Structure formats: structure tokens, C-alpha cells
Amino acid sequence: MADILWSIALFVIGMVISTVIIYIVTRLFGEKEGIKHALAAAFIGSAVYSVVYFIFGHDFLAAIIGGFVWLLALKALYSIGWIKAFIIALIIWIISGLVGFIIPTGPSPL
């Protein structure tokens with residue numbers, strides 16, 4: 001039971017951290033959507049990577065497919081182009097990696 005609660009706590013903490021990072025980065029790029037869009041992007045990213053890694057395993061192909069689907073989600077949620085979605089995703093990934101390095105018990109990047 002403790003493992004389940006710990007997993008849920010880490011998921012919620014990861015979602016909060018990811019949501020804040022996505023919100024800040026998208027605001028820096030001039031997007032006006034609120035925290036709900038950032039939460040949706042974080043949840044979609046988490047769900048996409050979970051499903052893709054379950055299907056394809058933890059290899060490079062899974063990362064490419066998951067990243068592409070998440071770019072589609074960012075593009076749709078924020079009504080932006082491919083290049084802007086890619087740049088935003090790259091910056092989110094870098095910041096998430098740094099946060100994961102600083103807080104090693106936290107979640108890994110989107």
C-alpha cells in the first residue's frame with residue numbers, strides 16, 4: 001500500500017512540476033493560455049510517453065514517437081506551428097532535466 005501511495009505522490013508532484021515548467025516556458029514565448037492548458041500538456045505528455053514506452057519499450061524509437069505525438073499535442077493545445085512547438089518542447093525538456101538533476105527523487109523529463 002505504501003508503494004502505491006508513494007507512486008501516486010510522485011506522479012502528482014511530477015505533474016505539478018511539469019505543469020509549472022510548461023506554463024512558464026509557454027508564457028515566455030507569448031502564449032496567453034492559462035495553467036489549464038499547461039496541465040493538459042503535462043498530462044498528455046505523461047500519458048503519451050507511458051503508452052509509447054509500454055508498446056515500444058525504452059529505446060530511441062519510443063522517444064521519437066512519444067516526442068512527435070507530444071509535439072502534436074503542444075501544437076494543438078497552443079495553436080502554434082511546428083517550429084515553435086519544437087523550440088518550446090526542447091526548452092521544457094532541458095529545464096525538466098535540470099529540475100530532475102537537482103531533485104533526483106522527482107520525475108524525469110517529459
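Every number in this text was worked out from the coordinates using simple rules, so none of it is lab data. Remember, it's a predicted structure, so these values are computed and weren't measured experimentally. Using ideal geometry, Cβ is built from the backbone for each residue, glycine included, and neighbour counts are taken over all protein chains shown.
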When we measure straight from the Cα of LYS75, which aspartates and glutamates land under 12 angstrom away, once same-chain ones fewer than 8 places off are left out? GLU31
Quick one: what does P(r) look like for the chain with 10 Å bins over all Cα pairs, in whole %? 15, 47, 32, 6, 0
Paramagnetic reach from ILE87 (point 7 Å along Cα→Cβ, amide N under 18 Å) across region 20-52: 22-33
Distance between modelled label sites at LYS32 and ILE64, nm, 7 Å Cα→Cβ extension: 3.8
